[in-house]
Amino acid sequence: MPADPARLGLYVHVPFCEAKCTYCHFAIDPHRPDDARQERYGRALRAEMEAAPAAGADTLYFGGGTPSLWAGARLAQVVDLARRRFGLPVGAEVTVEANPADLDAAGYRELRDAGATRVSLGVQSFDDAVLAEMGRLHSSADSVRAVERARAAGLANLSVDLILGWPGETAARWRRSLEGVAALAPEHLSLYVLEVEGRTLLTHRARSGALDLPDDDLVADLYRRTVETLSALGLERYEISNFARPGFESRHNAKYWADLPFVGFGMSAHSYRDGRRWWNIDTFGGYCRAIEERGPAAAVAGERMLSPRERAEEALFTGLRRREGVDVVAFQAVHGMDVLADYATGLAAPFAAGLLERCGSRLRLTDRGVLLSNEVFQAFV
Ligand code: SF4
């Protein structure tokens with residue numbers, strides 16, 4: 001059942017982590033996730049959800065941070081609230097991001113009983129030395145055990161995250177990662193090409209010249225081979241970074257790529273509805289204090305109404321991330337923009353370079369264009 005375009009996607013940010021990964025630039029609480037902090041955050045989060053304008057929703061995504069630290073009662077409270085406040089149907093897609101070492105067999109059963117239908121595991125690599133360099137607190141054996149436990153609990157929709165292009169990447173090492181994926185047989189995979197950016201330990205090391213980053217050609221070659229290998233495993237690319245067996249595409253993330261509304265709760269969460277974007281305070285103390293002292297509306301740090309043109313351009317960028325691309329006829333009907341005519345000058349180069357193609361009324365990235373998508377998107381600026 002595809003997501004209903006008239007209903008919201010709900011995002012809930014759980015900002016706690018046991019330790020900071022060396023590549024991480026997400027908004028997390030830097031303190032130890034003790035019970036008092038988690039309880040305080042949960043109260044603020046639920047107050048924010050209670051105060052949100054009434055609307056129907058049909059997906060819920062717990063991201064972070066490490067939502068698996070919330071397995072059990074806290075997670076169940078939020079799912080119940082989403083059902084009551086937003087009419088989230090029983091059986092709707094409820095995704096929980098999890099670190100492989102966090103949950104025992106009972107923990108996965110608690111996730112299932114709380115309403116989770118989909119688990120996204122931060123596997124990242126099948127090389128234990130790489131996992132240690134990443135600052136991950138799990139081993140490749142933990143990833144195997146996590147999948148076994150999730151399956152034993154009856155969770156039949158599993159996604160794994162992998163990072164391509166870690167320092168010292170080689171074809172042999174990456175092949176072992178893909179063999180690891182084959183053994184886990186997930187329904188979905190998210191593939192992230194490492195970007196050394198933001199204020200991370202990895203960026204610091206890169207600046208001091210201490211990183212042996214793989215060159216772009218090797219990464220491009222490994223990406224191409226990955227697409228082929230995953231396809232042979234039944235996992236087809238349906239978005240630049242995402243692969244799935246038919247029917248297991250992420251319904252929640254599809255809303256982001258299809259210009260559909262979503263509302264986020266918790267520190268740093270972003271929302272988009274009726275052309276308005278807004279985002280929350282991105283520190284633990286700032287977020288909790290704002291709600292405790294001034295009420296749920298004070299969690300919002302900023303907002304912006306997009307102009308019709310900005311809205312169209314964002315829809316174009318996100319739409320082109322999908323394998324199916326953008327139907328330019330339908331796009332014009334919604335946004336009043338003739339993409340091929342309006343951007344004729346800018347699009348000439350990516351067409352000539354074989355990065356973009358027409359397929360009927362659809363405009364989409366070619367396989368080469370996927371690897372050089374930033375170059376293509378420049379054509380629209
Ligand atoms: S577990 Fe995720 S959110 Fe937490 S530090 Fe690592 S990458 Fe960042």
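Values in this text are rule-based calculations from the coordinates and carry no lab data. No experiment lies behind these values; they were computed from the predicted model shown. Cβ coordinates were reconstructed from backbone atoms using ideal geometry, including for glycine residues, and neighbour counts include every protein chain displayed.
Please sort 189-199, 98-108 by packing, taking for each peptide the average over its residues of neighbouring beta carbons within 10 angstrom, highest first. Intermediate results must be reported in sequence, preceding the final value.
Numbers: 189-199: 15.5, 98-108: 20.5.
Those peptides, ordered most packed to least, come out 98-108, 189-199.
Computed over the Cα atoms of region 169-225, what is the ratio Rg over Rh, Rh following Kirkwood? If you can, show how the numbers build up before the last one.
Working: Rg = 13.7 Å, Rh = 13.2 Å.
Rounded to two decimals, Rg/Rh equals 1.04.
Farthest toward the dipole's positive end in the chain, which of Ala129, Ala55, Leu75, given Cβ charges of +1 (Lys, Arg) and -1 (Asp, Glu) about the Cα centre?
Among Ala129, Ala55, Leu75, the one farthest towards the positive end of the dipole of the chain is Ala55.
Please give the calculated 222 nm ellipticity per residue for the chain, where each DSSP H segment of at least 4 residues contributes -39500 (n - 2.57) and the sum is spread over every residue; nearest 500 deg cm²/dmol? It would help to have the intermediate numbers written out before the result.
Working: 16 runs with 162 residues, N = 381.
The helix-only estimate for the chain comes to -12500 deg cm²/dmol at 222 nm.
Please list the non-local residues whose amide H lies under 5 Å from the amide H of Glu239, H modeled 1.01 Å from N, same-chain partners needing a gap of 5 or more.
Under 5 Å from the amide H of Glu239: Arg323.
Please work through the chain and write down the cysteines that have no neighbouring cysteine Cβ at a distance under 4.7 Å.
Lacking a cysteine Cβ partner under 4.7 Å: Cys17, Cys288, Cys359.
What FRET efficiency comes out for Thr345 versus Arg225 if R0 is 56 angstrom and r is the Cβ-Cβ distance? Round to the nearest 0.05. Write down the numbers at each step before the final one.
Details: r = 35 Å, r/R0 = 0.63.
FRET efficiency, Thr345 to Arg225: 0.95.
Estimate the FRET efficiency between Asp338 and Glu375 by the formula 1/(1 + (r/R0)^6), using the beta-carbon distance for r and 30 Å for R0, to the nearest 0.05. Working shown, then result.
Details: r = 23 Å, r/R0 = 0.75.
That pair, Asp338 with Glu375, gives E of 0.85.
Give me the one-decimal nm value for the distance between modelled label points at Arg368 and Ala232, 7 Å along each residue's Cα-to-Cβ direction.
So the two model labels end up 2.4 nm from each other.
For region 8-257, what is the charge dipole size about the Cα centre, in debye to the nearest 20, if Lys and Arg each add +1 at the Cβ and Asp and Glu each add -1 at the Cβ? List each step's numbers first, then the result.
On the way: 29 positive and 35 negative charges, 129 e Å.
Around 620 debye, computed over region 8-257.
Give me the percent relative contact order of region 8-257, please, defined on Cα pairs under 8 angstrom at least 6 residues apart. Kindly include the intermediate steps, with their values, before the conclusion.
Working: 404 pairs, mean separation 44.0, N = 250.
That works out to 18 percent.
Determine one quarter of the surface area of the Cα convex hull of region 191-250, which equals its mean projected area, and express it in nm² to one decimal. Mind showing how you got there, number by number?
Details: hull surface 20.9 nm².
Its Cα hull, projected and averaged over all orientations, spans 5.2 nm².
Please give the length that would be gained between Arg84 and Thr283 if that part of the chain were fully extended, namely 0.36 nm times their separation in residues minus their C-alpha to C-alpha distance (nm, one decimal). Present the calculation step by step, with values, prior to reporting the outcome.
Values: separation 199, 0.36 × 199 = 71.64 nm, distance 2.78 nm.
My answer for the length gained is 68.9 nm.
What Kirkwood radius, in Å to one decimal, follows from the Cα pairs of region 310-378?
Values: mean 1/r = 0.0842 Å⁻¹.
Hydrodynamic radius (Kirkwood, Cα pairs) of region 310-378 is 11.9 Å.
Give me the mean projected area, in nm² to one decimal, of the convex hull enclosing the Cα positions of region 73-193.
Values: hull surface 30.7 nm².
Average of the hull's projected areas for region 73-193 equals 7.7 nm².
Taking the Cα centre of region 310-378 as origin, work out the dipole magnitude from +1 charges on Lys and Arg Cβ and -1 charges on Asp and Glu Cβ, in debye rounded to 20. Could you put the intermediate results ahead of the total?
Working: 8 positive and 10 negative charges, 53 e Å.
Dipole magnitude for region 310-378 comes out near 260 debye.
Arranged by the count of other C-beta atoms within 10 angstrom, fewest first, what order do Cys24, Cys288 take? Intermediate results must be reported in sequence, preceding the final value.
Numbers: Cys24 18, Cys288 21.
So the residues, fewest neighbours to most, are Cys24, Cys288.
Kindly provide the pair-distance distribution of region 99-142 built from C-alpha pairs, with 5 Å bins from 0 and whole-percent values in order of increasing distance.
The percentages, shortest bin first, are 5, 22, 26, 18, 14, 11, 4.
Using a simple charge model, +1 on the beta-carbon of Lys and Arg, -1 on the beta-carbon of Asp and Glu, nothing else, what dipole does region 1-87 show about its Cα centre, in debye to the nearest 20?
Numbers: 11 positive and 10 negative charges, 20 e Å.
About 100 debye.
Going toward the positive end of the dipole of the chain, with +1 on Lys and Arg Cβ and -1 on Asp and Glu Cβ, which of Phe248, Cys359, Ala106 do you reach last?
Of the candidates, Ala106 comes out farthest on the positive side.
Taking amide H atoms as placed 1.01 Å from N in the peptide plane, list the residues 5 or more away in sequence, or in a different chain, whose amide H sits under 5 Å from that of Val12.
Tyr61, Phe62, Gly63, Phe265
So what's the chain giving for Rg/Rh, alpha carbon basis, Kirkwood Rh from the mean inverse pair distance? Walk me through the intermediate numbers first.
Values: Rg = 20.9 Å, Rh = 21.9 Å.
On the Cα set of the chain, Rg over Rh gives 0.95.
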